[in-house]
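Undergrad: Structure provided below as structure tokens; questions to follow.
Taken together, the values in this text are just the output of simple stated rules run on the coordinates, not laboratory data. Everything quoted here is computed from the prediction, not taken from an experiment. Methodologically, a virtual Cβ is constructed for each residue, glycine included, from the backbone with ideal geometry; neighbour enumeration extends over all protein chains shown.
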């Protein structure tokens with residue numbers, strides 16, 4: 001039977017909670033740890049992520065997934081985006097800090113002492129989260145392996161250019177429509193300023209070139225958001241990495257929200273199986 005516990009991890013820097021779930025089989029034996037990070041406009045309970053968590057736990061792995069503190073969710077409502085102001089205040093450094101706090105929390109937590117192997121921690125990130133886990137794996141000695149799922153290769157390339165950038169600076173905010181919820185989601189200009197102030201650290205290419213740990217790069221042939229060319233780029237920067245290409249797989253690995261089935265999408269199922277094998281090898 002899978003145990004599922006919801007926890008609010010305290011940030012070391014700000015007052016917003018980092019809402020976190022753990023999934024595991026209670027076997028009183030130490031298991032490899034996985035920490036999963038969602039992507040842009042994402043959250044830990046999106047689509048089939050809970051089924052994915054259960055699948056990893058069924059494979060006797062200790063699975064942790066989190067909402068970044070400023071993803072727009074709240075402790076009371078971690079699904080969708082009730083706190084759009086927090087969403088607008090988010091940036092990559094906040095997400096790296098949140099991930100560091102969750103890593104430290106799991107390392108220093110005695111509640112799961114008999115269930116976790118602290119010498120075997122894998123980070124998994126989807127889309128924008130793929131960049132976050134790549135950077136964190138390159139700078140945190142406690143991380144053993146890293147996996148990107150349709151992970152981005154370049155944060156700078158995703159910011160507005162030219163007149164759009166000037167307009168953003170002048171107005172202080174730009175809005176992105178959420179296609180599903182129809183919310184106008186704000187990005188405050190601090191997001192770009194914070195990136196510029198930390199650009200060296202936030203260069204994914206640099207992090208992957210310096211990575212001295214096993215890396216699995218999952219890329220979908222049907223992904224039009226983060227194309228397979230980005231997966232090939234990530235692999236070229238770290239030739240020792242493993243590139244797992246899934247033909248026809250879209251950006252969300254076959255998932256959608258809400259996911260109404262009780263089985264994983266076929267592409268996500270194949271990816272989970274590959275990740276389990278990679279972690280255990």
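Undergrad: Output the 0 to 90 degree angle, nearest 10, between the alpha-carbon long axis of helix 49-58 and the longest principal axis computed from the alpha carbons of the chain.
TA: So the helix axis and the longest Cα principal axis differ by about 20 degrees.
Undergrad: So for the pair residue 83, residue 107, with labels modelled 7 Å out along Cα→Cβ, what separation do we get in nm?
TA: With each label point 7 Å from Cα toward Cβ, the separation is 2.5 nm.
Undergrad: For segment 168-215, what class follows from the C-alpha gyration tensor (a ≥ b ≥ c being the square roots of its eigenvalues): rounded when a/c is under 1.5, otherwise prolate if a/b is larger than b/c, else oblate?
TA: Taking the square roots of the gyration eigenvalues as a ≥ b ≥ c, segment 168-215 is oblate.
Undergrad: Related question: Once the convex hull of the alpha carbons of segment 197-239 is built, what does its volume come to per residue, in cubic angstrom?
TA: So the per-residue hull volume is 74 Å³.
Undergrad: Take every Cα pair under 8 Å in the chain that's 6+ residues apart, average their separations, divide by the length, and report that relative contact order as a whole percent.
TA: Rounded, it is 18 percent for the chain.
Undergrad: What does DSSP give for segment 15-74 in terms of the percent of beta bridges that are antiparallel, rounded to the nearest 5?
TA: 45 percent
Undergrad: Could you check how many percent of all C-alpha pairs in segment 104-177 are farther apart than 13 Å?
TA: 74 percent
Undergrad: Within 10 Å, count the other beta carbons around each residue, average over each peptide in 252-260, 212-220, and list them highest first.
TA: Per-residue Cβ counts within 10 Å, averaged per peptide and sorted highest first, yield 212-220, 252-260.
Undergrad: Round to the nearest 10 and give me the degree value, 0 to 90, for the angle of helix 92-107's Cα axis relative to the longest principal axis of the chain.
TA: 20 degrees
Undergrad: Can you pull the one-decimal nm distance between simple spin-label points at residue 28 and residue 242, each 7 Å off the Cα toward Cβ?
TA: The answer from the label model is 3.3 nm.
Undergrad: If you don't mind, another one. Would you mind telling me which residue in 222, 129, 39 has the biggest mean-square fluctuation in a Gaussian network model of the chain, where springs connect alpha carbons within a distance under 10 angstrom?
TA: 222
Undergrad: In a GNM of the chain with a 10 Å cut-off on Cα contacts, which of 167, 205, 25 has the highest mean-square fluctuation?
TA: 167
Undergrad: Something else: Using a ≥ b ≥ c from the Cα gyration tensor of segment 153-281 (square roots of the eigenvalues), is it rounded, prolate or oblate, where a/c under 1.5 gives rounded and otherwise the larger of a/b and b/c decides, a/b for prolate?
TA: Oblate, since a/c reaches 1.5 and b/c is not below a/b.
Undergrad: Cα axis of helix 128-139 to longest principal axis of the chain: angle in degrees, 0 to 90, nearest 10?
TA: With both axes taken from Cα atoms, the answer is about 70 degrees.
Undergrad: Given the options 131, 231, 221, state which has the largest fluctuation in a GNM of the chain using a 10 Å cut-off (strictly under) for Cα springs.
TA: 221
Undergrad: While we're here: With a/c under 1.5 counting as rounded, go ahead and sort segment 1-53 into rounded, prolate or oblate using the C-alpha gyration tensor (a ≥ b ≥ c being the square roots of the eigenvalues; past the cut-off, prolate if a/b is larger than b/c, else oblate).
TA: Verdict is oblate for segment 1-53.
Undergrad: Using the alpha-carbon centroid of each, what span in Å lies between segment 117-195 and segment 61-83?
TA: Cα centroid of segment 117-195 versus Cα centroid of segment 61-83: 16 Å apart.
Undergrad: Here's another thing I want to ask about it. Given that just one value was derived from the coordinates, which of [x] 15.7; [y] 22.1; [z] 14.1 is mean projected area of the Cα convex hull in nm²?
TA: [z]
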